[in-house]
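Participant: Here you go, one structure.
The values are calculated or read from the model by the stated rules, or taken from the named source; none is laboratory data. Small disclaimer: the values here were computed from a predicted structure and weren't measured. Every residue, glycine among them, receives a Cβ derived from its backbone with ideal geometry; neighbour counts consider all protein chains shown.
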Amino acid sequence: MIMLKQHSRQTLLASLLLLGALLLFALPPLAGSNSVLSNGRDFLQEIILDGAGPLLRLFQTPIAASHSIYNRIQGWQHIEQENHKLKLELDRLSSLSVRVEELSMENQRLRMLLGMRPDPSSQEVVARIIGNSSSAFARSFLVDAGEEEGIATDATALGITAQSGGGLMGRVVQTSQHTALILTLPDYNSRVPVLIQRSRVRAIVSGRNKPLLEMEFVPKGADIRPGDLVVTSGVGGVFPKGIPVGHIQAIAATEETGLFHLISVKPTIDFDRIEEVRLLLQNDASAPDKVVAHSQEKGSMPPAAGQQTARNSSLKVTQR
Amino acid sequence: MISSFIIAWIPALTLVLAVTLQESVIPLEAWSVFRPDLVLICLFYWRLYRPDRCTVTLAFLIGLLVDTVSGTALGLNTFSKTLLVLLVSRFGQRLRSLEFYHMLFGIVAVSLLDAVVQLLLMGLVQGVYVRWPLLLGRPVATLLIAPLCFSLLIYIHHWWLENV
C-alpha cells in the first residue's frame, strides 16, 4: 500500500515537472513581454545566471590563459613579418587619421549649421566570454559583465578578434548582477536593420542558425553587388548607425524569391574565434559613472575620447 | 557529518561540473562541431546506478541550468532531460544487465532521442533552423567520450559513494 502510494506520488511529481518544463517553453509566445509570468521567468534566469557566472569564470580562466600563451608563442614565430606589415599599415593610417579628424570636425560644423541633434555618445565596457552556447538551436555568449558594470538589456555588443578586426556581434538579451547573455547575429531570433554602405539600400539582416546571415526585404533591381559592406542603419534605435555587420557573399533572384533578392551576408567577425566583447553603454545609465569613478579612485586618469582605462584584467571602460 | 553531506551531493556536483565544462570549456575552436553532451552521460550513469541521488527533480533543475547558460529557449533541455531520465529509469533494469560496450549504444540512442525531442519542440516554435552539424555531431562526440566519462564516474562512484 505504502509502495503504491509512493509510486503514484513519484508519477505525479514527474508529470508536474514535465508539464512545468513545457510551460516554461511555451510561456514566451503565450504571455506578453511585460506580464507577471514573463517577469518571473526573467527573474529565475537572472538568479541562475548569477549563480553559474562565477563557476564558469573559474573554469574559463585557465583555458583563456593557456589560449593566450599559445597565441603569444604563435605570434613570436611571425613577429618580424608582422612588424613590417604593421609599420606599413601605420604609415597609411597616420595620414588617414589626419583626414578623418578634419572630416569629423567639418561634419560637426555642418551638423551645427543644419541644427541636427548630435549622435548620442556612449561608453564601452570590455568583457570576456565565459560561456559559449553549445546548443544546436541558439547562438549566444555569456560574458563576465552585468548590471553592476552598467550593462542593460539591448546594449550593443561588438566582437573583438585579432584575425578580422571588429564588427557587430549582437545585443544583450539577459542581464544579471555580474553576467550578461548576448544574442549573436547568426541566432534565429536576431534581426538587425542595416544598409549597404555603397548604395545606401536599406534592409534587414537575420540569423538562420548558420554561419552566413540572410538579408531580407531588398527589392529586385536594387543596386547591390557581392563584396558590398553592410553596416547598421540605426533604424529602431537599438544599434548605433554605421557599425560593420558583414559583406555580401551571394545574391540570388529567382521566381521563388518573389519580389525580393535572396542575399547571403558573411559576418565581419568570426564567431568561432571571439574571446572578448565590447559592450556599448548608453550615456543616461548611472552605473557607468560608478565604473569610471572606480577607475579614478585607483589613481587612473578619467577616460578621454579614444582612450581605454583598465578596470581590472578582464574589464575595461572606454569613452566613445 | 559535513563530509557525508557533501558526499551525498556528489552526483549533483558532477552534473554541475558537466554543465560548466560543456558550456564554457568545450566550445573552443577544435570542438566547433563535435561537442559531447556530458550532462546526458552523467544523468544516464547516475540515474542508472544511483537513482536515489539523481532524481527527476535534479534532472529538471540541471536542464534549466543548461537552458539558461546556453541561451536556448527556456524549457527545452529541461523537458528533454526530464523525459530522458524518466525513460532511463523505466528501462533501467534492462540497461543495467547490458555489457559495457552495448550500453554505449544505449547512450547514443538516448542522445539521438534527446536531439529528436529538442528538434520537434523547436520545430513547433521557430521552424527547422538548426545548426545541423552540431546536432548530428553531438551523438557521435557523446559516443566517443562516453567510455572516458563512464570510467571517471565509476571511479567517483566506488571511491566516494560505495558506502553512502
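Participant: Does residue B:35 satisfy being charged (D, E, K, R) and either more than 13 Å from the chain's Cα centre (by Cα) or away from every other protein chain (no Cβ under 11 Å) (or both)? Please lay out each step first, then the result.
Facilitator: On the way: charged (D, E, K, R): yes; either more than 13 Å from the chain's Cα centre (by Cα) or away from every other protein chain (no Cβ under 11 Å) (or both): no.
Here the answer is no, as residue B:35 does not meet what is asked.
Participant: Within segment A:40-79, which residues are free of Cβ contacts under 8 Å to residues at least 40 places away in the same chain and of a type in the set (Lys, Arg)?
Facilitator: Result: A:41, A:72.
Participant: Check residue B:149 against each of (1) within 14 Å of chain A (Cβ to nearest Cβ); (2) in contact with a helix residue (DSSP H, G or I) (Cβ under 9 Å, 6 or more places away or on another chain) and name the one condition it does not meet.
Facilitator: Every condition holds for residue B:149 apart from (1).
Participant: Still on this structure, please answer the following. What strands (runs of 3 or more DSSP E) completely inside segment A:119-238 contain at least 1 residues that are within 14 Å of chain B (Cβ to nearest Cβ) and within 12 Å of the chain's Cα centre (by Cα)? Break it down stepwise before answering.
Facilitator: On the way: elements: A:122-132, A:140-143, A:156-161, A:165-175, A:180-184, A:191-196, A:202-206, A:213-216, A:229-232.
Counting at least 1 such residues, we get A:122-132, A:140-143, A:156-161, A:165-175, A:180-184.
Participant: Hey, could you check segment B:86-137 for residues that are modelled with pLDDT of 85 or more and hydroxyl-bearing (Ser, Thr, Tyr) and say which is farthest from residue A:136 (Cα to Cα)?
Facilitator: B:97
Participant: Output yes when any residue across segment B:48-61 is more than 10 Å from chain A (Cβ to nearest Cβ), over 24 Å from residue A:49 (Cα atoms), without any contact (Cβ under 8 Å) to a residue 60 or more places away in the chain and in a loop (DSSP other than H, G, I, E, B), and no when none is. Break it down into steps so the answer makes sense when it comes.
Facilitator: Initially, segment B:48-61 is screened for residues more than 10 Å from chain A (Cβ to nearest Cβ), giving B:48-54, B:58.
From what is left, the residues that are over 24 Å from residue A:49 (Cα atoms) are B:48-53.
Right, trim to without any contact (Cβ under 8 Å) to a residue 60 or more places away in the chain and you get B:48, B:51-52.
In the following step, the residues that additionally are in a loop (DSSP other than H, G, I, E, B) were identified as B:51-52.
Yes - at least one qualifying residue is present in segment B:48-61.
Participant: With respect to the numbered conditions (1) crowded, with 16+ Cβ neighbours inside 10 Å; (2) without any contact (Cβ under 8 Å) to a residue 40 or more places away in the chain; (3) closer than 30 Å to residue A:56 by Cβ, which one is the sole condition not fulfilled by residue A:153?
Facilitator: Failing condition for residue A:153: (1).
Participant: Let me ask another. Out of B:72, B:20, B:14, report the one residue that is out of contact with any His (no Cβ under 7 Å at 6 or more places or on another chain), of a type in the set (Ser, Thr, Tyr), within 11 Å of chain A (Cβ to nearest Cβ) and part of a helix (DSSP H, G or I).
Facilitator: After applying the criteria, what remains is B:20.
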